[in-house]
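Contents: one structure, followed by commentary.
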Amino acid sequence: MLKILIITNRTEIAKKIINNILISIDDIKVMGIANTFEEAKNLIPKFTVDLIITTEANIHTFIKNNFFSYKPKVIIFSKSKIISSYPKNTLVINNNLSFLEISKMISLFISTKIIKTKREKVIDLLIKFGFDFKLSGTNYLLDSIMSTINYNKSFGFERVIKDIYSEVGKANNIDGDIVKWAIARSINYMYSRHTKESYIFVENYFNIKYPEKPTPKTIITLISNNLNLD
């Protein structure tokens, strides 16, 4: 499911985008509408959005100044035909095009530029490691990794992890310590499902040897760092 955030102070544009364009595209979810960059700054890391649709031409400056590791795809609605200055992960759409033309352009952009999101890549990895998504701890681990990928504060990593557990806890209406405990429990369960022979993928990825288990810190750090290099 592709997560989308709309950033615009033009309510009529937001309604047209949702009601006439996005409604015809499969496997997407609009996480919210931000009227200002200040609102967007809080929503982007909360929902780890994959695509931003906006009428703000300076969107990339905002992203660069606030999220140094965050690189979502961007669609800009504009009357300007100057697109050479925008990064490759950007689609500029003329406001005067028909809804059908715009819908086709967005669908093509999604299928060619957002084939697999980072969230999907993390899920694939966790499944390969042997994690069970029926456990709440595995889902908290996923959320923690995604939050770390988009984290831009210059604290030491111990502080980052503490903050991440707290944020994931708030999003799930539980204490951060419960998040930490549930993740540890999920790791223990993952480990118990392996034999020495089946542990090879985990060993190679985390550079450990059976019967050593990867810690929550190791898993969150290594996966988030690796995906930030994509």
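The values are calculated or read from the model by the stated rules, or taken from the named source; none is laboratory data. Keep in mind it's a predicted model, so treat the numbers as computed, not measured. Cβ coordinates were reconstructed from backbone atoms using ideal geometry, including for glycine residues, and neighbour counts include every protein chain displayed. SASA here: full protein model, heavy atoms, side chains in, ligands and nucleic acids out. Shrake-Rupley method; radii C 1.70, N 1.55, O 1.52, S 1.80 Å.
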- line: Quick tally, 1.4 Å probe accessible area for R119, R193, sorted with the most first, runs R193, R119
- request: Search the structure for amide H atoms under 5 Å from the amide H of V92, placed 1.01 Å from N in the peptide plane, and list their residues when 5 or more places away or on another chain.
  value: I76
statement: Under a 1.4 Å probe, counting only protein heavy atoms, E12 has an accessible area in Å², nearest 10, of 90
- prompt: Can you give the helix-only mean residue ellipticity at 222 nm for the chain, where every DSSP H stretch with n ≥ 4 adds -39500 (n - 2.57) and the sum goes over all residues, rounded to the nearest 500 deg cm²/dmol?
  reply: -16000 deg cm²/dmol
Amide H contacts of G32 (H built 1.01 Å from N, under 5 Å, at least 5 apart or other chain): I6
field: Extended-chain gain in nm, criterion 0.36 nm per residue less alpha-carbon gap, K29 and D163
entry: 45.6 nm
- prompt: With every protein chain present, what accessible area does K15 have (1.4 Å probe, heavy atoms only), rounded to the nearest 10 Å²?
  reply: 120
task: Find which of P87, A34, I161 sits farthest along the positive direction of the dipole of the chain, computed with +1 on the beta-carbon of Lys and Arg, -1 on that of Asp and Glu, about the Cα centre.
output: P87
- prompt: Roughly how many percent of the accessible protein surface of the chain is carbon and sulfur, given a 1.4 Å probe and a whole-percent answer?
  reply: 53
- prompt: Using unit Cβ charges (K, R positive; D, E negative) and no other charged atoms, how large, in debye to the nearest 20, is the dipole of the chain about its Cα centre?
  reply: 300
query: Pairing the Cα long axis of helix 37-47 with the longest principal axis of the chain, what angle in degrees results, from 0 to 90 and rounded to the nearest 10?
result: 40
message: Just to be sure I follow: if Rg is taken over the C-alpha atoms of the range 1-49 and Rh is the Kirkwood radius over the same atoms, what is Rg/Rh?
response: 0.97
task: Mind pulling the angle between the C-alpha long axis of helix 176-192 and the longest principal axis of the chain? Nearest 10 degrees, somewhere in 0 to 90.
output: 60
message: Going Cα to Cα from K162, which aspartates and glutamates come in below 15 Å? Please leave out same-chain ones fewer than 8 positions away.
response: D143, D175, D177
- prompt: Hey, which lysines would be in cross-link range of K196, C-alpha to C-alpha under 19 Å, not counting anything within fewer than 8 residues on its own chain?
  reply: K128, K209, K213
Solvent-accessible surface (1.4 angstrom probe) belonging to S166, in square angstrom, nearest 10: 50
query: Over the alpha carbons of the chain, what is the largest minus smallest coordinate on each principal axis, giving the biggest first in Å?
result: 62, 32, 31
Cα lying deepest toward the dipole's positive end in the chain, options L22, F99, T148, charges on Cβ: F99
- prompt: With a ≥ b ≥ c the root eigenvalues of the C-alpha gyration tensor of the range 1-92, is it rounded (a/c under 1.5), prolate (a/b larger than b/c) or oblate?
  reply: rounded
message: At 1.4 Å probe size, put Y165, Y210 in order of accessible surface, largest to smallest.
response: Y210, Y165
message: Below 21 Å, Cα to Cα, which lysines can K64 reach? Residues fewer than 8 away in the same chain don't count.
response: K3, K41, K46, K73, K88, K113, K118, K153
message: Using Cα-Cα distances under 8 Å and only pairs 6 or more residues apart, what relative contact order does the chain have, in percent?
response: 16
